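Enquirer: The structure that follows is given in the form of structure tokens.
The values are calculated or read from the model by the stated rules, or taken from the named source; none is laboratory data. Quick caveat: nothing in here was measured; it's all calculated off a predicted structure. Neighbour counts are summed over all protein chains in view; Cβ atoms, including those assigned to glycine, are modelled from backbone coordinates with ideal geometry.
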Amino acid sequence: MEVYWYVFYVDGQYPWNAGKTRHVDRRYLKALGSAIDASGFHGALVATGAGGGWDPWAISSTLAAHTERMRFLIAVHPSLLSPTLLAKQAVTFDHLSGGRLDINIVNGHAGLGAAGVHLAHDDRYAHGDEYLEVYRRIVGGGPGPIDFKGKHLDIRGGQPLDAAIQSPHPPIWVGGSSDVAMDLAAKHGDVYASWAEPLEKHAAHIAAFRERAAGYGREVETAMTIHVVVRDTEEQAWAEIDSMLKHADQGSVDALQRGLRAGQSVGQQRALSLHSGQLPRHARDLEISPNVWTGYGLLRIGSSITLVGTPRQVADRLIEYHKAGVDKFILSHHPLPEEAMRVADDLLPLLPLSPVPGQREPAQRKARTFNNQLNGVGAK
Ligand SMILES: Cc1cc2nc3c(=O)[nH]c(=O)nc-3n(C[C@H](O)[C@H](O)[C@H](O)COP(=O)(O)O)c2cc1C
């Protein structure tokens, strides 16, 4: 099992509430990167809006210079960047970060029109298919020049690049829940990523995906994004959810839901179907099974599901998803730096993590207690 955290340029204790966001700048992001780098996470997803917001390559380049081992899963909308330029950025970043790049291909669901991209849902994935075909030939170091004529791309005399550190190229993740997303990942991806669904549905989704990948003669790893609220006691964890809801108002929830419903994302529609769009009277009204809460989708875009409880309870739920076939997890909760440290301290040591390059095992980290450090102090 591998665990990634989350890097974003909007943060705070309750970032869906304008009064509870923080000023995010270079120093803030450095603190977040250091928290991730110093703990048991494999890396972080560096997300991006299709329209506005900050650029994930610039954020990742800055953090790569201040960190040693965390991996950067950088979101890329294929329709916003030529495959040749992506190849150049990927090879350069992979070299300068010491082989710490993962690419997350996201085909987008809203905001692309503002960038002049008006492709419908399935056409975006058809474009993505041609795009990854070209991209893989350019970064794969094969023979050139590369000519490719498809419905969306017309490349003449493309030049293959010298190899990246990671061979044959930095891992390609493909995100989405629709059939066409699964197909794109099955054909081109090293990892297929989707937003968390309730356990049984998620297990069925992964099984269907693996069959699709087998149809292409491929084995592809899977990843899932999910929120986690971990506290010492169950009561404290649910009190945190109550507090999140107290800092939300129905007007803002309605505005967000209208925008999300208008989008074309299959994954988003599934996330929306897990709640009624109304802030609940009691947080646990949206607990669909033990420790599984679906209210996050009222507040933020993306997955609705949050695992809520003690470290042991949340670890057990994550292990259930792992047994159902999820290889990699992208976890998050705000504020991102503090929650990263909490999750690293309390949750990660309970998970069957695969070794993180350059990192001691969690058990060894645990053994280095405060009292051990104090041995001898004051004995002179
Ligand atoms: C793991 C993961 C990360 C994503 N990150 C982003 C992102 O950074 N920016 C973005 O605009 N969309 C992001 N998306 C959403 C995708 O762009 C896409 O809209 C979504 O997965 C819906 O596609 P579908 O209709 O195939 O379900 C992400 C999706 C997943 C699964």
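Enquirer: Condition test on R342, is it away from the ligand (no atom under 16 Å from the Cβ), under 21 Å from the mean Cα position of the chain (by Cα) and part of a helix (DSSP H, G or I)?
Expert: yes
Enquirer: While we're on this one: Restricting to region 43-88, name every residue that is within 16 Å of the ligand (Cβ to nearest atom) and over 20 Å from L336 (Cα atoms).
Expert: A50, G51, G52, V76, H77, P78, S79, L80, L81, L86
Yes/no per residue for (1) touching a residue at least 12 places away in the same chain (Cβ under 8 Å); (2) within 16 Å of the ligand (Cβ to nearest atom); (3) within 23 Å of the chain's Cα centre (by Cα):
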{"site": "Y131", "(1), (2), (3)": "yes, yes, yes"}
{"site": "R137", "(1), (2), (3)": "yes, no, no"}
{"site": "K149", "(1), (2), (3)": "no, no, no"}
{"site": "I155", "(1), (2), (3)": "yes, no, no"}
{"site": "P171", "(1), (2), (3)": "yes, yes, yes"}
{"site": "S178", "(1), (2), (3)": "yes, yes, yes"}
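Enquirer: Any idea which of R69, R136, R100 is surrounded by fewer than 20 Cβ atoms within 10 Å (Cβ to Cβ), of a type in the set (D, E, K, R) and touching a strand residue (DSSP E or B) at 6+ places or on another chain (Cβ under 8 Å)? Even if it seems obvious, please write down each step before you answer.
Expert: Details: R69 fails: touching a strand residue (DSSP E or B) at 6+ places or on another chain (Cβ under 8 Å); R100 fails: surrounded by fewer than 20 Cβ atoms within 10 Å (Cβ to Cβ).
Only one candidate passes the filter, namely R136.
Enquirer: Still on this structure, I have one more. Given the structure, is V228 modelled with pLDDT of 95 or more, farther than 20 Å from S177 by Cα and within 16 Å of the ligand (Cβ to nearest atom)?
Expert: Here the answer is yes, as V228 does meet what is asked.
Enquirer: Mind checking whether some residue in region 145-154 is surrounded by 14 or more Cβ atoms within 10 Å (Cβ to Cβ) and of a type in the set (D, E, K, R)?
Expert: no
Enquirer: Test R218 against the stated conditions and say whether it is surrounded by 15 or more Cβ atoms within 10 Å (Cβ to Cβ) and within 30 Å of E133 (Cα to Cα).
Expert: It is true that R218 is surrounded by 15 or more Cβ atoms within 10 Å (Cβ to Cβ) and within 30 Å of E133 (Cα to Cα).
Enquirer: Can you tell me which residues in region 42-53 are surrounded by fewer than 16 Cβ atoms within 10 Å (Cβ to Cβ) and either closer than 15 Å to V24 by Cβ or touching an Asp or Glu at 6+ places or on another chain (Cβ under 6 Å) (or both)?
Expert: Those that are surrounded by fewer than 16 Cβ atoms within 10 Å (Cβ to Cβ) and either closer than 15 Å to V24 by Cβ or touching an Asp or Glu at 6+ places or on another chain (Cβ under 6 Å) (or both): G52, G53.
Enquirer: Looking only at region 289-309, count how many residues are charged (D, E, K, R) and farther than 15 Å from R261 by Cα.
Expert: Of the residues in region 289-309, 0 are charged (D, E, K, R) and farther than 15 Å from R261 by Cα.
Enquirer: Shifting gears a bit: When the residues of region 202-215 are narrowed to those that are in contact (Cβ under 8 Å) with a residue 24 or more places away in the chain and either farther than 24 Å from G128 by Cα or within 14 Å of the ligand (Cβ to nearest atom) (or both), which ends up surrounded by the fewest Cβ atoms within 10 Å (Cβ to Cβ)?
Expert: A208
Enquirer: Sticking with this one: From the list D242, D232, which one is of a type in the set (D, E), assigned to a loop (DSSP other than H, G, I, E, B) and over 23 Å from the mean Cα position of the chain (by Cα)?
Expert: Result: D232 is the single residue among D242, D232 that is of a type in the set (D, E), assigned to a loop (DSSP other than H, G, I, E, B) and over 23 Å from the mean Cα position of the chain (by Cα).
Enquirer: Sticking with this one: Go through P168, P160 for me and flag whichever is under 23 Å from S97 (Cβ atoms), of a type outside the set (S, T, N, Q) and buried (at least 16 other Cβ atoms within 10 Å of the Cβ).
Expert: P160
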